[in-house]
1. If we keep just the residues of region B:256-270 that are among the hydrophobic types (A, V, I, L, M, F, W, C) and at the interface with chain A (Cβ under 7 Å from one of its Cβ atoms), which is nearest to A:Glu706 (Cα to Cα)?
2. Anything in region A:716-739 that is within 20 Å of B:Met1 (Cα to Cα), more than 7 Å from chain B (Cβ to nearest Cβ) and surrounded by fewer than 18 Cβ atoms within 10 Å (Cβ to Cβ)? List them, or say none.
3. Please determine, by comparing only the residues of region A:755-797 that are β-branched (Val, Ile, Thr) and touching a residue at least 60 places away in the same chain (Cβ under 8 Å), which one is farthest from the other protein chains (Cβ to nearest Cβ).
4. Based on this model, can you work out whether B:Leu64 counts as out of contact with any Lys or Arg (no Cβ under 6 Å at 6 or more places or on another chain), within 14 Å of chain A (Cβ to nearest Cβ) and farther than 17 Å from B:Leu166 by Cβ?
5. Could you identify the single residue in B:Ser226, B:Ser245, B:Ser240 that is loosely packed, with under 14 Cβ neighbours inside 10 Å and touching a Lys or Arg at 6+ places or on another chain (Cβ under 9 Å)?
6. Within region B:130-151, restricting attention to residues that are away from the ligand (no atom under 14 Å from the Cβ) and in contact with a helix residue (DSSP H, G or I) (Cβ under 8 Å, 6 or more places away or on another chain), which residue is farthest from the other protein chains (Cβ to nearest Cβ)?
7. Does A:Gly713 satisfy the condition of being part of a loop (DSSP other than H, G, I, E, B), on the phi > 0 side of the Ramachandran plot and either surrounded by fewer than 24 Cβ atoms within 10 Å (Cβ to Cβ) or assigned by TED's automatic domain parsing to the domain that holds A:Asn419 (or both)?
8. Looking at region B:46-79, which of its residues are in contact with a His (Cβ under 6 Å, 6 or more places away or on another chain) and among the β-branched types (Val, Ile, Thr)?
Amino acid sequence: MDDIKVNQNPKLGSFDRPNSYIGRSLPRENAKKHLEGGGQFVDDLVLPRMVNVAFLRSPFAHAQIVSINFEEAKECPGIIDIFTANEIDEICKPWVGTLGHLGEMKSPEQTPLAKSVARWQGEAIAVVIAKTREQAEDALELIEVEWLEKEAQVDMETALNDDAVIIHEELGSNLFWTRTVEQGNVENAFKEAETVVETTLDFARHTGVTLESRGIVADWNKAEEKMTVYHNGQAPHMMQHIIAKHFNVNEGLVRIVSRDVGGSFGIKVHVYPDEMAAVAVSKKIGRPVKFIADRLESFTTDIHARCHKISGKLAVDKDGKITAMEVNDLSGIGPFSMYPRTSAIETNQVLNLSGAPYVIPNYKAIGTVVFQNKTPMCQYRAVGHPIAVAITEALIDKAAMKIGLSLAKIRKINFIPDNSYPNKTPSGVPLEDLSHQASMDKLLSIMDIDNIENLNKDDLIPGTISGIGVISMSEVTNPSPLFYGVGGAHISSQDGASIRLEGSGAVHLSSSITEQGQGTEAIMKQIAADQLGVSMDTVRVTLGDTDATPYGGGTWASRGAGIGGEAVLKAARTLKTNILNIAAAIMQTDIDSLDIANNNVIRKNGEEGISLQKLAEIVYYRGHEIPKGTNPELLATASFLIEGVPFVFTNSAMGCHVSIDQDTGIVKINKFWVVEDCGTQINPKLVEEQIRGGVIQGIGGALFEECVYDNQGNMQNATMADYLVPMAYEMPDIIVDHVTTNSGRSIIGAKGAGEAGTGGAPAVLMNAINNALAKVDAEVTSQPITPEKILRSMNKI
Amino acid sequence: MKAPDFSYYEAETLSDAIKFKSQDDEAIILAGGQSLLPALNMRLSSPSCLIDISKLKDLNDIRLEDNSIYIGALATHTQVMESSIIIEKFPSLVSILKMVAHAAIRNKGTHGGSISYGDPAAELPAFAVAMNAEIIVSGLNGNRSIAAEDFYLGLFETDIKSDEILIGINYPLVKNNEKIVFEEICRRHGDYAMAGLIAKVKTYQSTIEKLKLVFFATGDRPNVTSKTSEIVVNNGYEYSVIKKSLSSEIDFAGDLNSSEEMKLHLATILISKILKKLEN
Ligand SMILES: Cc1cc2nc3c(=O)[nH]c(=O)nc-3n(C[C@H](O)[C@H](O)[C@H](O)COP(=O)(O)OP(=O)(O)OC[C@H]3O[C@@H](n4cnc5c(N)ncnc54)[C@H](O)[C@@H]3O)c2cc1C
């Protein structure tokens, strides 16, 4: 698998030329660093005079703080100080998690520490500053808080009832946001429909479970008035802006450094109150402050995701053509909308993406987002997709069953045809360059769908029933300014790259895209080396430092390759032109007769050229040898953003085959297939790792992961022993294949590939399980699909 | 999640450890640390001192005696699984241990630690009870041997006195006409089970003559169900009859992954699974 060749994008030149790295599964250099334990994570950082903090967190989902007594705690060894909202609010301005472009959103001001009322179990109310984290935790135990426990609004389904507990009096209700999308005439279409199917699905809360927990070291330098923040986030320039704004520091004097980051999945792209408190403490006491969330804090304060209940109906005519679809989604986001992206976007994606692969002339989607006393909920890998895809594909399977069409046939006759782009989703979002038909055809052939039941007969243990699922989906990737910027958030939709040839002939590249383990650094290097004509080991990459990289959005929404990669391509091409211009002047020839290959400027006619090292030496050290008037810049910078459409979409088709033990309710995934169309693959192995990893995270949501709450709002399973993530044994064989339709929005042609697996796996698994359960007249509609839920659906218990 | 302050004592001899423990009620034994250290980090307990016995010599013996196998308290799960005596005489224990946690944990976690911790969801306490093992503890007054069935008194509660340390377990050898059969149902491999069963079966000409059923992850301790065993031996397996009998014999306690009803159902199913295994 070292050197897979993939279908090449003609805009990138021949695949056989030297240094053609785009499209090859080259090994990634930083994997070796991590294997050797040589990464540098936030917690590895130790600065002189650094202190550690731990937070006093609410043990209740909803409670008033009557009084806090620190006296004894302050006497503990190593304690430097203890602050509450009173002290922190002097330093940090509050924030509000709303955006302006999606209709009215109502969320209250949020501060780093809760002032008088705690609104979720885990909300921070005081920060203990100590030499070591252990000392801070010792002191925590001695803080006396008098709480007045209040009734908690835990259940999202009753949050808008007349007798609901209103979480923020000033807002008057627990409604954060609601939106309705309508195209065509849905009411009429359902009235006239021949066949209508309906279902309601539940999606429990789960969370991201990054290997490295959230962490920050804030270092306020009073003399320079400079705030340096080492942060394991995804979007350094966004954090730079936010910290400048809320701490009243000149934005140019805020530096965010994000070196190695151990996983993010969207968890680390939000502004967290405890991290803001750590920054405030540093500014107040003038010392570096470290906060590393422990696993318990991760479970109760990292954003949770999903938490939806969606009902839907679908109308089809007698041939199985869809005539109308309607969905109604309810989602609970905890007591605050997260900042700055808001907690509305998951629901918004559900409204945008339900039915997305299909022609549906009449479409209506209603979304309602409410507050509740649980951990805040926000965007996590595949935002909204699992819900949109699951409801769509569940309804389609139901319709197929009702009118007697095969799972493949009903999809094929409803797809937006591959030759009909540009087109639109049923909700009206522009679509380009997709291939649902070709991808489904390929999926069905690699699954050998007609023989699948025979193929697996041998595997079947008595007492098991088996089922298959196939689904199609569209994935939002490479967002334009129309995603966040238009709504007033300072989140860059541009990304930049800067590339230079150094005196040694080495190439240095910096990019505003960041790496959290997915291989960003490797693909940026591949693009730069490929476009420049140098060997891979010539290129060194710097990411994740606002003092050292161009400005840009960072890594989220599967935008690294498509947007950041295009910026690298453009910068590398400009540098190449600069180099060739200089070489042409030195060699007294025409630039068109020259090219760069294997770190040399070569003459196309085969005569001797000049090495990049020699050329750089001339330019930097003996500039007088270059003919006058030649531009001596061996540095190029470029930016890129998507224009004209809100997103570049990717599509995938997925299939799976499951067996269910009817005695125990245990599901075994026998095999899983994905066909993905993400356009140009820069490194196919990394694309496939993204897809497989995504599928596994989707399996997590579908079968295992759940933040379990009791009805007082206490999280019951905030440990890695009790919160179940899929592990090696639970990972099925995942066969990945591709269809390639390059994006017309860029030269590189890459679309995103980071989230489809997570977006589609829950739907295809649920469909396969229900396909099996249909054989015994049972059905599950609630994720995670636990053995107990399966047994209950079969009336076994 | 940092442990509270405690002092640390590395015992050089068993009698030192016992003496130390008898003098300090709040001191606690540290063996492999795989259960204790997470509990400390969660600040679920705050002992005055950890008495580290992991360096004590001669407590990790695995030896074949006349009619029994002796496993020293400090033998790790991995050592037990790799011991040629165990592989030959107790292959069932090897397959049971494969379901205990993961390799990294098995490399540190000890046999005695698991037996003395008494987690009702753990496999080894149920195994000891099923095997009629003798648990040997040592205290100020010397050694004492306790029948496994009497050793477990309640949820994480055992008969070890405050001056005592578990030093080893004596398992009677499995006779020619006896078999140990094991089944458990987990949501993920390596997890504590939703329900598990270890059965000791005595057969005569391929019919079951005697059956001991010990469930784990069902109640507050390893659950022995002698009435149900009798029903199975006399009348065979019938789901509803067995279920009714189990519900009267075990005080099922639900957990996050399975409710009481689920555990009762699974326990019933486990018996049928074990009987199927015996048939093969
Ligand atoms: C992720 C994970 C998964 C696990 N899964 C399973 C599983 O599926 N099944 C299972 O059975 N176990 C499981 N375990 C638990 C593991 O098997 C136990 O931690 C281990 O066997 C206990 O032994 P230890 O040597 O680590 O004990 P320690 O953690 O050192 O001690 C545990 C307790 O026993 C006491 N103790 C230990 N030794 C003695 C002694 N000789 N005399 C008196 N008291 C003593 C200690 O004081 C302490 O209270 C899991 C653990 C982890 C971390």
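The values are calculated or read from the model by the stated rules, or taken from the named source; none is laboratory data. These figures come from a predicted structure and were not determined experimentally. For neighbour counting, all protein chains shown are included, and Cβ atoms are generated from backbone atoms with ideal geometry for every residue, glycine included.
1. Initially, region B:256-270 is screened for residues among the hydrophobic types (A, V, I, L, M, F, W, C), giving B:256, B:262, B:264, B:266-267, B:269-270.
With at the interface with chain A (Cβ under 7 Å from one of its Cβ atoms) added as a condition, the list becomes B:256, B:262, B:266, B:269.
Numbers: B:Leu256: 10, B:Met262: 18, B:Leu266: 22, B:Ile269: 26 Å.
Filtering first and then ranking leaves B:Leu256.
2. If we filter region A:716-739 for residues that are within 20 Å of B:Met1 (Cα to Cα), which is where we start, we get A:716-724.
From the residues that got through so far, the ones that are more than 7 Å from chain B (Cβ to nearest Cβ) too are A:718-721, A:723.
Of everything in region A:716-739, those that are within 20 Å of B:Met1 (Cα to Cα), more than 7 Å from chain B (Cβ to nearest Cβ) and surrounded by fewer than 18 Cβ atoms within 10 Å (Cβ to Cβ) turn out to be A:Thr719, A:Met720, A:Ala721.
3. Taking region A:755-797 as the starting set, the residues that turn out to be β-branched (Val, Ile, Thr) are A:758, A:764, A:769, A:776, A:780-781, A:785-786, A:790, A:797.
If we keep only those that are touching a residue at least 60 places away in the same chain (Cβ under 8 Å) too, we end up with A:758, A:764, A:769, A:776, A:781, A:785-786, A:790.
On the way: A:Thr758: 19, A:Val764: 20, A:Ile769: 15, A:Val776: 16, A:Thr781: 19, A:Ile785: 11, A:Thr786: 7, A:Ile790: 11 Å.
Ranking the candidates gives A:Val764 first.
4. Details: out of contact with any Lys or Arg (no Cβ under 6 Å at 6 or more places or on another chain): yes; within 14 Å of chain A (Cβ to nearest Cβ): no; farther than 17 Å from B:Leu166 by Cβ: yes.
Here the answer is no, as B:Leu64 does not meet what is asked.
5. Working: B:Ser245 fails: loosely packed, with under 14 Cβ neighbours inside 10 Å; B:Ser240 fails: touching a Lys or Arg at 6+ places or on another chain (Cβ under 9 Å).
The unique qualifying residue is B:Ser226.
6. So the residue we want is B:Leu140.
7. Values: part of a loop (DSSP other than H, G, I, E, B): yes; on the phi > 0 side of the Ramachandran plot: yes; either surrounded by fewer than 24 Cβ atoms within 10 Å (Cβ to Cβ) or assigned by TED's automatic domain parsing to the domain that holds A:Asn419 (or both): yes.
Yes: the conditions hold for A:Gly713.
8. First, pick out the residues of region B:46-79 that are in contact with a His (Cβ under 6 Å, 6 or more places away or on another chain): B:71, B:75.
Matches in region B:46-79: B:Ile71 only.
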